[in-house]
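The structure appears right after this line, and notes come after that.
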Amino acid sequence: MKVRKVPQRKCIVCQKMLSKKEMVRVVRTPEGEVELDLSGKKNGRGAYMCGSLESLRRAKKQKSLDRALKVNLSSEVYDKLEEQFALLGEKFAAVECERNHES
Ligand SMILES: [Zn+2]
């Protein structure tokens, strides 16, 4: 019997395991820029999170991306990411970034 394995990643915000297609990758490039990586192939340190706007807003509040990428993100960078997440809209509309028990 063949079992097709769907690659899964852990959301840095809610710690849930999800298939990669429900997630987006945020990358810190070698130049130190933090940006959304929709191709999933950009160089640098990457972090996966749920593709919803809610997920990004929670990341901003908890500074999840700062921790995952080991860098201090300014609120301008989070604002920029929030705009990009908002544009993703429908594609990730069904993805829920659930509250975790961290705080
Ligand atoms: Zn999540």
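The values are calculated or read from the model by the stated rules, or taken from the named source; none is laboratory data. Owing to the predicted nature of the structure, the values given are computational and were not obtained by experimental measurement. Every residue, glycine among them, receives a Cβ derived from its backbone with ideal geometry; neighbour counts consider all protein chains shown.
Select from segment 82-103 the residues that are aliphatic (A, V, I, L, M) and either in contact with an Asp or Glu (Cβ under 6 Å, 6 or more places away or on another chain) or at pLDDT below 80 (or both) and list them in ascending order.
Once the filter is applied, which keeps residues that are aliphatic (A, V, I, L, M) and either in contact with an Asp or Glu (Cβ under 6 Å, 6 or more places away or on another chain) or at pLDDT below 80 (or both), segment 82-103 yields only V95.
Consider V77 against the criteria (1) in a helix (DSSP H, G or I); (2) in contact (Cβ under 8 Å) with a residue 24 or more places away in the chain; (3) within 14 Å of E22 (Cβ to Cβ): it satisfies all of them except one. Which criterion is unmet?
(3)
Among the numbered conditions (1) within 15 Å of C97 (Cβ to Cβ); (2) not in a helix (DSSP H, G or I), tell me where N72 comes up short.
All conditions are met except number (1).
Within segment 32-46, which residues are within 14 Å of S64 (Cα to Cα) and modelled with pLDDT under 95?
none
For segment 55-77, how many residues meet the condition of being surrounded by 12 or more Cβ atoms within 10 Å (Cβ to Cβ) and either basic (K, R) or out of contact with any strand residue (DSSP E or B) (no Cβ under 9 Å at 6 or more places or on another chain) (or both)?
Of the residues in segment 55-77, 7 are surrounded by 12 or more Cβ atoms within 10 Å (Cβ to Cβ) and either basic (K, R) or out of contact with any strand residue (DSSP E or B) (no Cβ under 9 Å at 6 or more places or on another chain) (or both).
Restricting attention to segment 1-31, and to residues there that are within 16 Å of the ligand (Cβ to nearest atom) and part of a loop (DSSP other than H, G, I, E, B), which single residue is farthest from R67 (Cα to Cα)?
K16
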